[in-house]
1. Pick from 70, 66: which is under 18 Å from residue 22 (Cα atoms), of a type outside the set (A, V, I, L, M) and surrounded by fewer than 16 Cβ atoms within 10 Å (Cβ to Cβ)?
2. Keeping to the range 140-162, report how many residues are within 17 Å of the chain's Cα centre (by Cα) and of a type outside the set (A, V, I, L, M, F, W, C).
3. Identify the single condition in (1) in contact (Cβ under 8 Å) with a residue 40 or more places away in the chain; (2) acidic (Asp, Glu); (3) out of contact with any helix residue (DSSP H, G or I) (no Cβ under 7 Å at 6 or more places or on another chain) that residue 82 does not satisfy, given that it satisfies every other one.
4. For the range 298-325, name all the residues that are closer than 30 Å to residue 170 by Cβ and among the polar types (S, T, N, Q).
5. Suppose we filter 300, 277 for residues that are touching a residue at least 24 places away in the same chain (Cβ under 8 Å), touching a helix residue (DSSP H, G or I) at 6+ places or on another chain (Cβ under 8 Å), surrounded by 15 or more Cβ atoms within 10 Å (Cβ to Cβ) and under 24 Å from residue 132 (Cβ atoms); which single one remains?
6. Inspect all residues belonging to the range 157-166 and state whether any of them is in contact (Cβ under 8 Å) with a residue 60 or more places away in the chain and in the same structural domain as residue 27 (by TED's automatic domain parsing).
7. Those residues that are surrounded by fewer than 15 Cβ atoms within 10 Å (Cβ to Cβ) and either closer than 19 Å to residue 10 by Cα or among the aliphatic types (A, V, I, L, M) (or both), I need them from the range 20-32; list them, please.
8. Does the range 2-14 contain at least one residue that is of a type in the set (S, T, N, Q) and either at pLDDT 95 or above or in a helix (DSSP H, G or I) (or both)?
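The values are calculated or read from the model by the stated rules, or taken from the named source; none is laboratory data. Keep in mind it's a predicted model, so treat the numbers as computed, not measured. Glycine also receives a Cβ, built like all others from the backbone with ideal geometry; neighbour counts cover every protein chain displayed.
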Amino acid sequence: MITTALFFSIALEIIGYLLWIKFTKDGSSKKRDIVSAFMFILAIIILYQIFKLNLDFGLILLVATFFAAFSWLLGKYIDLEELRKESKSYFFILLAITCIRSFAYEPYQIPSRSMVPGLQVGDFVLVNKYAYGIKFPGTHFLLSGLVKPKRNDVAVFIAPHTLCDYDPLTARPDISTLPVAEGQLFLNKFEDLQNSRCTPLGVKFVKRIIGIPGDKVEIKGYEIWINGKKLKQKLLISDSNENLLEETIDEGVHVIRTLGLSDYEQHSWTVPEGSYLAIGDNRDNSLDSRAWGYFSENYLIGRADYIWMHWESFSELPSFSRNSKIK
């Protein structure tokens with residue numbers, strides 16, 4: 001998981017940290033400033049490698065918080081006032097960020113058009129981390145009881161095909177009930193997706209939950225039946241480019257987008273215990289449960305609650321015109 005380059009960079013950062021302490025104690029301010037600049041550049045490189053490897057940032061924050069606490073205590077032990085004061089201030093800042101991000105809200109940027117029109121590429125959303133139960137930072141270990149997701153929730157989770165060791169039969173345990181050709185097609189598609197997209201920690205997806213444990217869900221084209229009841233859909237806009245429909249799931253109302261590409265698709269699921277069925281609102285441009293099966297409650301991250309900023313690219317200024325509660 002940790003590459004040679006990242007290991008080497010962290011080792012150099014630790015050496016720089018020890019040299020900074022030595023030069024500070026010796027009163028060599030010029031050498032200390034050179035080392036500080038070197039450590040800052042190296043920290044940027046380390047952060048870049050962490051993001052590139054898709055390592056969990058919550059776990060990184062937790063490690064950084066513990067390191068700040070260690071440095072604070074070390075500064076007291078070796079009687080180095082500058083180290084003690086700086087580490088103390090960093091510790092409280094990092095502790096606050098870690099607690100907010102791990103137990104309250106985590107920012108997440110929408111990377112694709114799979115949830116158009118409700119969520120656009122470049123939308124920054126706040127993910128409610130306590131909606132489904134509180135987890136230990138950087139892990140999937142629950143510190144509280146699981147709160148079951150509801151139909152129509154816009155959930156953030158780790159998709160099964162993005163985990164390299166995930167068994168496709170776990171993603172679709174009812175595969176034996178499918179026609180042989182359909183079951184083999186699913187296995188082939190899942191394995192192709194897994195081979196091309198998986199990482200050790202998986203990738204976060206954001207989709208709408210339409211099936212909870214025990215639900216029988218059927219899709220025929222764009223029409224959906226849940227436990228034998230057809231979802232209400234109302235046409236809002238229809239032109240040569242797209243159709244926008246208002247769809248109602250239980251008490252929740254949202255807008256979906258269709259392009260006329262999936263008119264003849266048919267799917268049928270009976271959602272097993274501990275699993276959820278999720279699809280994107282952009283029904284013809286979404287990689288979702290129709291391709292990779294169910295996602296597990298063990299890999300729930302949180303519920304997307306609010307759009308708080310839109311920033312599609314660095315060539316544009318951030319916008320707050322789309323700020324709203326997610327439906």
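1. 70
2. 6
3. Going through (1) in contact (Cβ under 8 Å) with a residue 40 or more places away in the chain; (2) acidic (Asp, Glu); (3) out of contact with any helix residue (DSSP H, G or I) (no Cβ under 7 Å at 6 or more places or on another chain) one by one, residue 82 breaks only (3).
4. The one that is closer than 30 Å to residue 170 by Cβ and among the polar types (S, T, N, Q): 298.
5. Values: 300 fails: touching a helix residue (DSSP H, G or I) at 6+ places or on another chain (Cβ under 8 Å).
Matching residue, one of 300, 277: 277.
6. No; the residues of the range 157-166 include none that is in contact (Cβ under 8 Å) with a residue 60 or more places away in the chain and in the same structural domain as residue 27 (by TED's automatic domain parsing).
7. Residue satisfying the conditions is 22 alone.
8. So far as the range 2-14 goes, yes, one or more of its residues are of a type in the set (S, T, N, Q) and either at pLDDT 95 or above or in a helix (DSSP H, G or I) (or both).
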